[in-house]
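Every read-out reported here was derived from the displayed coordinates using simple, explicitly stated rules and does not represent laboratory data. Because the structure is a prediction, the values reported are computed rather than measured. No Cβ is skipped: glycine too gets one built from the backbone with ideal geometry, and neighbour counts run over all protein chains shown.
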Amino acid sequence: MAKLIALFGGRKFRFWYQTLPLKQKKMMLSWQNILMMLTILAGLGMFYYISHLQETPITKRIRFIAFTDEQFMKIANFEAKLQENMKENLFLPATHPSYIRVIQIMECLVHKNWALSNMKTQKWKVAILDSFDINAYVLASGHVFVNVGLLNFVQNDDQLAFVLAHEIAHSLLGHAAEKVSFAQMIDYFVIIVMAAIWAFMPFDGIALVTQVFYEKVVQILLDSPYSRKLEREADIVGLELAAKACFDVREGSNFWKLMQFHEKLKGTETPEWLSTHPSNVKRQELIEHFIPKAISIREQYHCNPLSENDPRDFCLFSFLHILPFHLFFFTLPFLIFAPFAVSPFPSILYFSLSFFALLIFSSLIIWYILFIFPF
Ligand SMILES: [Zn+2]
């Protein structure tokens, strides 16, 4: 809405400005006037920004939050209700083994980290969604949603605990409020720049192209890097939560290796600079860096010692468990649909594609029989 007002306001200003006599035009846009306007805007912006700075719980990082806790809780509860209504038909019942598995790990993580600020005030709730996407997410209210796809994907409870701890960390650190606040702050900038673009660009077409380009630049240079920063923070804090709850923290590194392997096979890796999440390689390196600290936290919390056999040494073999998934979800449909997809172009293209698909399919089967069957 504010963007539309900026657009039409800026455009109206341009038309009005074009009708003014030259002398008045020059007077209005003198450098003194522009400088004064920019100083007032910058001053107001700085005052608003500084008066809304807060300390992040746990990591003590200073950040900008545009809302009070009560205001944001209202938004969070509304969002939780909306999500519950939208996804209700996908929920697995509370008696389902997957639900019981997740709730037990959640209880362990929450209970062992009970002393942390915000842990008691959140309304922790779990829902398992009957969806094959490998995903889990948390709402600001403390509602954690876990897809069946993720439960099938992880190799053990330690990896699942690492993912759940990451989601709990997002919630404890108030990342949702921070993200919305950051987006709002960026929006103010965008609105001011948009009004200027529509006011000073000579034609609507140029103004539109400039605006689209500007919004994309803002997303790549500001929004996405900020989101990646929050993901890294949730990974580090999540690893600590998992360590305090005595899970095998080395599995956090394996989880990201597994994701790398999965996305390579699927061919869906997005370059990091375009993504709201750090790349799987970077996340694995980050976790690897913090594992020694997490192991010492485990010791401080008197957890049972970790097994001598480091799971990170066996990850190559353990990756093989996701191959059947790829075999059936990616290669087989390709084999079946390739002839239809290229039917207007028979002969060479058809045969080479089918041959290629067959080759992949049979080599995966051989790989599967050779490596997975014996283990
Ligand atoms: Zn996350």
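Computed from Cα atoms, the angle from the helix 2-18 axis to the main principal axis of the chain rounds to 30 degrees. Within the listed set Thr19, Thr121, Thr59, the Gaussian network model of the chain (springs between alpha-carbon atoms below 10 Å) gives the highest mean-square fluctuation for Thr19. Cut-off 10 angstrom, C-alpha nodes, Gaussian network model of the chain. Which of Pro57, Pro97, Pro278 fluctuates the most? Looking only at Pro57, Pro97, Pro278, the largest GNM fluctuation is found for Pro97.
Taking the DSSP bridge list for the chain and keeping only pairs wholly inside it, about 60 percent are antiparallel. Couplings for the stretch 238-254, taken from phi via the Karplus curve 6.51 cos²θ - 1.76 cosθ + 1.60 with θ = phi - 60°, read x, 4, 5, 4, 5, 5, 5, 8, 6, 7, 6, 5, 5, 5, x, 5, 4 Hz in order; Gly and Pro are left as x. You can think of it this way: the chain between Gln18 and Lys87 has 19.6 nm of extra reach, that is 0.36 nm per residue less the Cα-Cα gap. The local environment of His111, defined by Cβ-Cβ distances under 14 Å, has a net charge of +2 under the rule Lys, Arg +1 and Asp, Glu -1. Report, in degrees rounded to the nearest 10, the 0 to 90 angle that the Cα long axis of helix 157-172 makes with the longest principal axis of the chain. Approximately 20 degrees, to the nearest 10. Which one, Ser98, Gln54, Gly252, projects farthest toward the positive side of the charge dipole computed for the chain from Cβ point charges (K/R +1, D/E -1)? Of Ser98, Gln54, Gly252, it is Gln54. Counted by Cβ distance under 14 Å from Leu129, the other residues give a net charge of -3, where Lys and Arg count +1 and Asp and Glu count -1.
For the chain, the longest principal axis of the alpha carbon atoms and the long axis of helix 204-218 meet at an angle near 40°.
Which entries in Lys74/Lys123; Lys179/Lys229; Lys257/Lys282; Lys81/Lys112 show an alpha-carbon gap greater than 18 Å? Table pairs above 18 Å Cα-Cα are Lys81/Lys112. Once both labels are positioned 7 Å from their Cα atoms along Cα-to-Cβ, the gap between Glu79 and Met37 label points is 3.5 nm.
Note on the chain: the C-alpha convex hull projects to 26.4 nm² when averaged across all orientations.
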